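What follows draws every value from the coordinates through simple rules; no lab data is involved. Just so we're clear, the structure is a prediction, and the values are computed from it rather than from any experiment. Here the Cβ positions follow ideal geometry from the backbone for every residue, glycine too, while neighbour counts run over all protein chains shown.
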Amino acid sequence: MLGHKDRDQLELFITGSLQQLVPEDHVLARVDRVLDLGWLREEVADCYCVDNGRPGIDPEVAVRLMLAGLLLGIVHDRRLMREAQVNIAIRWFIGYGLHERLPDHSSLTRIRQRWGEERFREIFRRTVTACLDAKIATAEIVHIDASLIRADVSWESLVERHADEVMAENRSEEEIEAEKKTRRSGKYKKVSLTDEDASMATSSRNQRLEPCYKQHTAVDDARGVVLDVAVTTGEVNEGDTIEAQVDAVQDIADRAITTVTGDAGYAYAKVYGALERRGIDPLIPAKKEPIKSRVPTRRFRYDPRHDIVKCPRGKVLRPGRALKYGRFFHSRSRDCARCTLKGDCLSKGRVNKAVVIGDDYPALVRARRRRARWSEDDRRLYQRHRWRSEGFHGEAKTWHGLGRAVRRGLGNMKIQAYLTAAAINLKRLATALFAVLAAIWTAQTAAQCLLQTRHA
């Protein structure tokens with residue numbers, strides 16, 4: 001029989017609460033069970049005047065609004081408030097009834113400006129602590145990775161700036177190579193006038209440079225809980241941030257990390273050395289040494305005991321001028337003058353050989369040797385790194401709007417990253433709680449069925 005529905009909704013009053021209209025498995029309903037913001041009011045009290053001005057938005061309401069938008073993939077404030085106007089789940093999540101007027105979208109902007117990035121980082125840190133307390137994160141095996149986030153600027157805002165302003169001293173070997181590539185590609189680089197914090201970067205040589213930020217993330221191995229998030233400009237090298245991230249994770253977890261995994265973007269001597277000094281096993285695939293001459297650098301053997309380098313013919317190179325992360329080792333000109341490899345080893349116009357050896361070069365050698373004999377456990381763990389860390393970035397960009405910056409400036413980008421990581425951690429925590437409740441319900445149901453069977 002063909003049905004018919006009368007669309008004239010004449011009801012004026014509806015008995016019940018909004019919670020009855022929100023499904024129990026809705027993402028906001030599940031997150032609400034694990035979200036605790038009771039501490040927030042006291043945390044931000046110093047941002048408001050005690051006895052002057054009109055009452056502002058409840059701090060918990062503001063944060064719940066921002067989290068609801070990110071959980072539902074609505075990252076722009078205007079669109080979020082339009083959706084909240086008609087979305088019962090959002091109204092219930094922030095504690096507003098159907099008859100109450102919602103805050104203006106500009107209030108969220110002013111709150112972000114007033115609170116500052118550090119308070120939003122504290123919100124994120126609280127979610128990490130909650131996951132650690134719930135035992136769904138152990139902080140023993142940590143996967144660290146970085147991803148570019150497209151800045152909210154147009155191509156028309158880009159201009160060229162002379163690159164001679166770059167600092168010319170105290171650079172690492174990778175920075176020296178980067179500068180050489182810059183010189184080969186031209187002496188001008190592009191910057192954005194509308195967002196000067198965004199810098200030109202790319203994740204692949206086959207892709208063009210874009211104005212970007214870079215998010216550096218530490219993810220726990222157990223269930224993919226985000227342990228730390230750092231946001232920098234796009235041109236910052238990953239190797240410059242990993243030490244601070246490892247220290248931040250150990251500080252918040254209050255326990256020692258056993259293993260850190262990373263991709264080849266972290267394969268620097270300084271990274272291997274820093275992790276080894278902290279007693280951490282670095283599972284990072286070492287890069288193959290580039291062969292730029294007929295006598296590659298790998299044929300020069302460093303002797304850490306005597307702090308010298310020996311060339312393929314056994315001549316000694318002694319330490320000289322120091323760099324940021326290493327030193328130059330020079331041979332004597334009279335040793336090279338009679339060498340049979342002189343034509344292949346020395347560059348045009350040089351009379352002696354100069355080799356750069358990093359401060360943690362022995363750690364790099366150990367990493368290269370280990371990479372050649374990775375065990376099956378090492379390979380499996382590195383595969384977990386790929387889908388744990390890269391999976392988080394894919395989830396954040398696809399479902400929570402982190403593929404592009406919503407607002408301009410490094411501070412606003414940090415706030416967006418902190419709230420996105422907090423939303424994902426709350427999802428992880430809610431999923432774990434839901435699994436526990438489901439297991440309890442299954443056990444109770446089985447027990448009731450058993451009792452009924454015995455009575456029958």
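For the reader, a short list of remarks on this structure follows.
- Packing-based order for 369-375, 115-121, 64-70, using average beta carbon neighbours within 10 Å, highest first: 64-70, 115-121, 369-375
- Ranked by how many other beta carbons lie within 10 Å on average, peptides 246-254, 49-57, 353-361, 202-210 from highest: 353-361, 246-254, 202-210, 49-57
- Separation of the alpha carbons by more than 22 angstrom is noted, of Lys270/Lys342; Lys214/Lys414; Lys324/Lys353; Lys214/Lys288, for Lys270/Lys342; Lys214/Lys288.
- Listed residue (Gly391, Gly358, Gln245) projecting farthest to the positive dipole end of the chain, Cβ model: Gly358
- If only the Cβ of Lys and Arg carry +1 and only the Cβ of Asp and Glu carry -1, the dipole of the stretch 297-367 around its Cα centre is close to 300 debye.
- Potential extension, Lys190-Asp46 segment - 0.36 nm per residue separation minus Cα distance: 47.8 nm
- Summarising the label geometry, the points placed 7 Å from Cα in the beta-carbon direction at Arg332 and Thr398 lie 6.4 nm from one another.
- Unit charges on C-beta of K, R, D, E only; dipole of the stretch 32-142, Debye: 420
- Degrees separating the helix 173-185 axis from the principal Cα axis of the chain, which is the longest one: 90
- Between helix 59-71 and the chain: long-axis angle, C-alpha atoms, 0 to 90°, nearest 10: 70
- The chain: angle of helix 361-371 to the longest principal axis, Cα-based, in degrees nearest 10: 70
- Spin-label proximity, Ser375 to the stretch 264-289 - amide N less than 19 Å from point 7 Å beyond Cα toward beta carbon: 276, 279-286
- The stretch 222-345, relative contact order [Cα under 8 Å, separation at least 6], %: 14
- For the peptides 122-135, 321-334, the ranking by mean Cβ contacts within 10 Å, running from highest to lowest, is 122-135, 321-334.
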